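One structure is given below, encoded as structure tokens.
Computed from the coordinates by the stated procedures, all read-outs in this text should not be read as laboratory data. The shown structure was predicted, so the numbers you read here are calculated from the model rather than taken from an experiment. Neighbour counts are summed over all protein chains in view; Cβ atoms, including those assigned to glycine, are modelled from backbone coordinates with ideal geometry.
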Amino acid sequence: MSTVLEQIEQQIAKLSNKAVKKNTGTIRSVADGVAKIDGLSDVMYNEMVQFPGGATGLALNLEADEVGCVILGDVSQLKEGDEVYTTGKLLSVPVGKALLGRAVDALGNPVDGKGPIEAKETYPVERIAPGIIARKSVDQPLFTGIMAIDSMIPIGRGQRELIIGDRGTGKTTIAIDTIINQAKINKVGLASGDPSFRPVYSIYVAIGQKNSNIVRTISALEAAGALDYTIVVTAPAADNPANQYLAPYSGAAIGEWFMENGMDALIVYDDLSKHAVAYRQISLILKRPSGREAYPGDVFYLHSRLLERSARLDGKGSLTALPIIETLAGDVSAYIPTNVISITDGQIFLETDLFNQGIRPAVSVGLSVSRVGSAAQIKATKQVGGKLKGELAQFRELAAFAQFGSDLDAKTKAQLDRGARIVELFKQPQFNPLPIELQVAILFAMQQELFNDVAVGDIVAASASLKDYLIARKEALLTEIREAAKLDDALTAKLKTATEEWKQSYVTAAK
């Protein structure tokens, strides 16, 4: 008996009789994933609100007599009159290397069936971007493995380069190729044991896509051996708009952990057009006034506060962003495309016409630009590809003009001929990024006019033959180019000999 009394006394002693301050309110109405709440007087913007049944919400509309809150989780259990309370916390997601190789939702919960994620840290989903003093200029290359981009529209670590084009022009393919290329570079670099090597970890954020497309992307990354260095954040089309709105910010928070811990990361937002649509949906349900194209007035701030979080930090790491925007009928002057073009440091524009002609990747040389430019390019690429962009732009202009004129002088014909060969040389199959040293060797062969007597239709086969020849017989030379990152006289002579040897064997084989 005494033991029972002792236990009761112990429990009474533990009892706290202090008043606990809780800011509570009641649900006035709940519909379309949004709750209108009465009585939450002390709630803050973007604060997490706890609903019955374990669902959480995000306070987005702070009005005089009610709070508009988007609900993250199961809405079906909630009803009018339910009690809710504030948590005093910002929405946070797990971060760290434990997420590599995993697929998570907008709140960082695993969705790949591989068990729980043992993350030691969390970061708030919304964070203020680094200031100007903390940033460093972008001058380290981030190789995409796509020859047309690395030679003419170079991307640097810490840059924000927009990928823009119509539906089905290969925007996602360019982003996936870039992720696969980082994994290939990581494997070579980490195997070399070089202490100065910095791997690039990738985050792929899928917004408003079909589940089947997301699975296909994950399968492509897995097949290429890139999933081990990649985190996939998913907010599929079937998800509620609140999750689609939050997913890119969660991805940015995961990327910031790498950046702030002295590592380099790459984040792909696929795509921000659907992100803006999800935000418009939330805003219209919250009865916010709509502006141009029915988007709310702060839709520019929506994307600018996201993309400003990408940077190269002084004394730390970098976060490179590749946002994707889908245009309608190539209209880059629409509201969301112009917004994101003005926020980013350049764009890769993909043309439907080029794609339909079989020129893939369908990069438009005239409309694509990198505002970081050759600062993020290795010297070897500048040496062999410096004039390519001008030559290709000139070719496009001449080709349009040549359609109308039948009599062309020898110089114009030669320019058209060279342009056609460069276009063929830049054709590349998907999920097959090229190491930078191979790109340099192929462009060097083009510069040395070794492709001039090859029929235009055979250029793709000839460049594949050169690639195979160099990998099989000149591995030491390729390693030398990669490590030197510039072509001195001795290296140029070796490369000239190697490419000429290939040409002789290719001509012999053709006979």
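Could you work out how much longer the chain between Asp38 and Asp314 gets when fully extended? Use 0.36 nm per residue separation minus the Cα distance between them, nm to one decimal.
94.7 nm
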- Message: As a test of the formula, what do you get for the chain when each DSSP H run with n ≥ 4 contributes -39,500 (n - 2.57) and the sum is divided by the residue count, at 222 nm and rounded to the nearest 500 deg cm²/dmol?
- Response: -13000 deg cm²/dmol
- Rank these for me by crowding, Asp194, Asp105, Asp177, going from fewest to most other beta carbons within 10 Å. Asp194, Asp105, Asp177
- Message: Just want to confirm a number: the relative contact order over the chain, from Cα pairs under 8 angstrom separated by 6+ residues, in percent.
- Response: 15 percent
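Kirkwood Rh, segment 383-510, all Cα pairs: how many Å? Show your work: numbers first, answer last.
Numbers: mean 1/r = 0.0636 Å⁻¹.
Computed over Cα pairs of segment 383-510, the Kirkwood hydrodynamic radius comes out at 15.7 Å.
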- Query: Given +1 on the Cβ of Lys and Arg, -1 on the Cβ of Asp and Glu, and no further charges, what dipole in debye does the chain carry about its Cα centre, rounded to the nearest 20?
  - Reply: 700 debye
- Query: Under 13 Å from a point 7 Å along the Cα-to-Cβ line of Lys120: which residues of segment 235-274 have their amide N that close?
  - Reply: none
- The helix 272-285 Cα axis meets the longest alpha-carbon principal axis of the chain at an angle in degrees, between 0 and 90 and rounded to 10, of 30 degrees
- On average, how much area does the Cα convex hull of segment 24-90 cover when viewed from any direction, in nm²? 3.7 nm²
- What is the distance, in nm, between label points placed 7 Å from the Cα along the Cα-to-Cβ direction at Glu480 and at Asp353? 4.4 nm
- What's the exposure ranking of Thr56, Thr338, Thr499, going from fewest to most Cβ atoms within 10 Å? Thr338, Thr56, Thr499
- Query: In percent, what relative contact order does segment 383-510 have, based on Cα pairs under 8 Å that are 6 or more apart in sequence?
  - Reply: 27 percent
- Query: Roughly what angle does helix 171-192 make with the longest principal axis of the chain, taking Cα atoms, 0 to 90 degrees, to the nearest 10?
  - Reply: 80 degrees
- Task: For segment 331-401, state what percent of all Cα-Cα pairs lands in each successive 5 Å bin, counting from 0 Å until the bin that includes the largest distance.
- Result: 3, 13, 17, 24, 20, 15, 6, 1
- In what sequence do Lys184, Lys171 fall when counting other Cβ within 10 Å, fewest first? Lys184, Lys171
- Message: If I take every Cα pair under 8 Å that is 6 or more residues apart in segment 93-377, average their sequence separation and divide by the length, what percent do I get for the relative contact order?
- Response: 29 percent
- Query: Hey, how many Å between the Cα centroid of segment 339-406 and the Cα centroid of segment 127-194?
  - Reply: 17 Å
- Message: Output the 0 to 90 degree angle, nearest 10, between the alpha-carbon long axis of helix 211-223 and the longest principal axis computed from the alpha carbons of the chain.
- Response: 60 degrees
- Considering only DSSP states other than H, G, I, E and B, which trypsin sites (Lys or Arg not before Pro) in segment 226-324 qualify as loop sites with at most 13 other Cβ atoms within 10 Å? Lys287
- Along Cα→Cβ, 7 Å out, is where each label goes; now give me the distance between the ones at Lys210 and Glu501 in nm to one decimal. 5.0 nm
- Task: Please pull out the direction-averaged projected area of the chain, using the convex hull of its alpha-carbon atoms, in nm² to one decimal place.
- Result: 32.2 nm²
- Would you mind computing, in nm to one decimal, how far apart the modelled labels at Ala402 and Ile132 are, each placed 7 Å from Cα along Cα→Cβ? 4.7 nm
- Message: How much length would be gained if the chain were fully extended between Ala493 and Asp298, taking 0.36 nm per residue of separation minus their Cα-Cα distance, in nm to one decimal?
- Response: 64.5 nm
